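Here the structure is laid out as structure tokens; the discussion comes afterwards.
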Amino acid sequence: MEVFNGKSVFGGIAIGKIYVYQKGEQQVRRIRTDDTEQEKNRYRAASKETMEQLQALYEKALQEVGEENAAVFEVHQMMLEDDDFVESVENIIDTQTVNAEYAVAVTGDNFAQMFAAMDDDYMRGRAADVKDISERLITVLSGGAAGGIQSNEPVIVLADDLAPSETVQMDKEKVLSFVTVHGSLNSHTAILARTMGIPALVQTGISLDETLDGKMAVVDGAKGCIYVEPDEDFLAEMQAQKSKEEEQKELLQTLKGKENVTLDGQKIMLYANIGNMKDLATVLQNDAGGIGLFRSEFIYLESEDFPTEEEQFAIYKKVAETMAGKRVIIRTLDIGADKKCDYFEMEQEENPALGCRAIRICLTRPEIFKTQLRALLRASAFGNIAIMYPMITSLWEVYKIKQIMAEVKAELTAQGISYGNPPEGVMIETPAAVMISEGLAKEVDFFSIGTNDLTQYTLAIDRQNSKLDDFYDSHHPAILEMIRMVTENAHKAGIWAGICGELGADLTLTRDFLEMGVDELSVSPGRILPVRKIVRETDVSEYRREKREKE
């Protein structure tokens, strides 16, 4: 038995045969042509077909992994139509009198190198997207078919790396696990694997050898290992462990409808994070008590122009009505940093994570902010909506928000338009917000701690930079102490405090959050029941006593 270690993307155990996934080698030849117009027409036709493929992938991803994770294929569609990309391809065809395949390959390489050389990590990440698009175009031009899994049984997919399109187009029923030689924990493919709930490893260092194809293997996502050709005893042991995990999943289903209350009577709210109305079904399926984070920016990212008040109102109203009285916390526009929206025409920034983003855009462009607030206030008359403001760093921002909100309410009243009176809270995702949380708590109705950005800004680590994975510690004592401090300050002012970042779903910290007195955890829908299980099995007073004894 051979053992290869990698980085775990998602836990769980997969047992099956290895399928070595080789990308189709794009053997692109440079061929001179006398009819450049015909080659350009071939390119345009291929571009149209590629656009249709990407749309199909988007719709498939929408069903399998949700709106937020499907958005990558909308980005690919935009890049495919990018004027600079198109002009480069057609210019090479014209000036070098060459075939379309060669022009696309050269353009793809040039653009990928350009992105890879950029300082911004988000832009560097687009290099892989450009390569994915150009390879898809070349496949269409050469009459090839998009890759997939050629197997009659579910397999462990072993690849050098996987583009998002390759991951999504695979038949989900035939994939037991993803294992890649390279790749990043924060790549689109890793995110998709987590959402699909498939055990996955990256950076395994395993040799992509065709002789591995068809060999029996075990992937242990929790330990970050793949075992090739295990002996019968080990195989039986892992099969028993896998069966136990599946039994646990079935037991979780019995928790539906149960209270989120500890053995000693402490209650906590378990809510879900979503990016779109289409995610509502999974919220209801997993028995969430409400929506703790509705990412309204995806309404903007999916639009070619600023969404109107009526368009936003219809979405917020439908979400509120569907949740039938359960609380729906809608985060106001959080564009910026790694979320780009061309029609906003934002200036290029050297460090967008520290630039004009989220509430900073809203306060400097109040016309956009007011449109969203009007829609939110009107929709709040139809359900239990709360409004949450991101990226707060100072009290004056809260005062300015209140001023703008008062103006919007006055306008609606003057126009005879009915609206509700939704609670208003702020996200705590900067060290500054933590340090002034005592003062902030007196001005708002609730706190929601965004642990992803809070960790990034506290540790001074770009969370999208895979080279810093070893330095990125979401369990850092400073982060946990900040969560405790924010919760205590919230309670002193008589408001509640929750967590809506990735850390809220970290089952190793659930008891600590209960001990701190955190009032709400908002997680991806699929994590609701696992968190509920731990909550119901915990005696907080006993856990607190055990911690004191260890200190």
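Determine whether the stretch 258-281 contains at least one residue that is touching a strand residue (DSSP E or B) at 6+ places or on another chain (Cβ under 6 Å), closer than 30 Å to Glu515 by Cβ, of a type outside the set (S, T, N, Q) and loosely packed, with under 14 Cβ neighbours inside 10 Å. So far as the stretch 258-281 goes, yes, one or more of its residues are touching a strand residue (DSSP E or B) at 6+ places or on another chain (Cβ under 6 Å), closer than 30 Å to Glu515 by Cβ, of a type outside the set (S, T, N, Q) and loosely packed, with under 14 Cβ neighbours inside 10 Å. Taking the criterion of being small (Gly, Ala, Ser), closer than 20 Å to Ile499 by Cα and modelled with pLDDT under 95, the only residue of the stretch 291-317 that qualifies is Ser296. Residue pairs whose Cβ atoms lie under 8 Å apart, sitting 6 or more positions apart in sequence or on different chains, and linking a residue in the stretch 320-333 that is closer than 8 Å to Ile291 by Cβ to a partner that is open to solvent by 50 Å² or more (accessible area, probe 1.4 Å) and of a type in the set (S, T, N, Q), are Met323/Asn384; Lys326/Asn384; Arg327/Asn384; Val328/Asn384. Of the listed requirements (1) out of contact with any strand residue (DSSP E or B) (no Cβ under 7 Å at 6 or more places or on another chain); (2) under 25 Å from Leu514 (Cβ atoms); (3) surrounded by 17 or more Cβ atoms within 10 Å (Cβ to Cβ), Tyr300 misses just one: (2). Is one or more of the residues making up the stretch 505-516 open to solvent by 50 Å² or more (accessible area, probe 1.4 Å), of a type outside the set (Phe, Trp, Tyr), in contact (Cβ under 8 Å) with a residue 60 or more places away in the chain and within 25 Å of Phe10 (Cα to Cα)? There is no residue in the stretch 505-516 that is open to solvent by 50 Å² or more (accessible area, probe 1.4 Å), of a type outside the set (Phe, Trp, Tyr), in contact (Cβ under 8 Å) with a residue 60 or more places away in the chain and within 25 Å of Phe10 (Cα to Cα). Residues in the stretch 360-382 that are of a type in the set (A, V, I, L, M, F, W, C) and open to solvent by less than 10 Å² (accessible area, probe 1.4 Å) were compared, and the one that is nearest to Met323 (Cα to Cα) is Ala379. Within the stretch 320-332, restricting attention to residues that are surrounded by fewer than 24 Cβ atoms within 10 Å (Cβ to Cβ) and among the aliphatic types (A, V, I, L, M), the residue that is farthest from the chain's Cα centre (by Cα) is Ala324.
Exactly one residue among Ile13, Ile18 is in contact with a Lys or Arg (Cβ under 6 Å, 6 or more places away or on another chain), within 19 Å of Glu166 (Cα to Cα) and surrounded by 14 or more Cβ atoms within 10 Å (Cβ to Cβ), and that residue is Ile18. Just a yes or no: is a residue in the stretch 505-514 over 25 Å from Gln253 (Cβ atoms) and not small (Gly, Ala, Ser)? Yes, the stretch 505-514 contains at least one residue that is over 25 Å from Gln253 (Cβ atoms) and not small (Gly, Ala, Ser).
Exactly one residue out of Leu503, Leu514, Leu521 is modelled with pLDDT under 95 and aliphatic (A, V, I, L, M), and it is Leu503. Does at least one position in the stretch 85-92 carry a residue that is in a helix (DSSP H, G or I), surrounded by fewer than 16 Cβ atoms within 10 Å (Cβ to Cβ) and at pLDDT below 80? No; the residues of the stretch 85-92 include none that is in a helix (DSSP H, G or I), surrounded by fewer than 16 Cβ atoms within 10 Å (Cβ to Cβ) and at pLDDT below 80.
The listed residues are Gly24, Gly66, and the only one of them that is assigned to a loop (DSSP other than H, G, I, E, B), within 31 Å of the chain's Cα centre (by Cα) and modelled with pLDDT under 85 turns out to be Gly24.
Taking the criterion of being at pLDDT 90 or above, open to solvent by less than 80 Å² (accessible area, probe 1.4 Å) and in a loop (DSSP other than H, G, I, E, B), the only residue of the stretch 229-256 that qualifies is Pro230.
The values are calculated or read from the model by the stated rules, or taken from the named source; none is laboratory data. Every value quoted in this text rests on a predicted model; they were computed, and no experiment measured them. Using ideal geometry, Cβ is built from the backbone for each residue, glycine included, and neighbour counts are taken over all protein chains shown. These area figures cover heavy atoms from the full protein model, side chains too; ligands, DNA and RNA do not enter into them. Shrake-Rupley method; radii C 1.70, N 1.55, O 1.52, S 1.80 Å.
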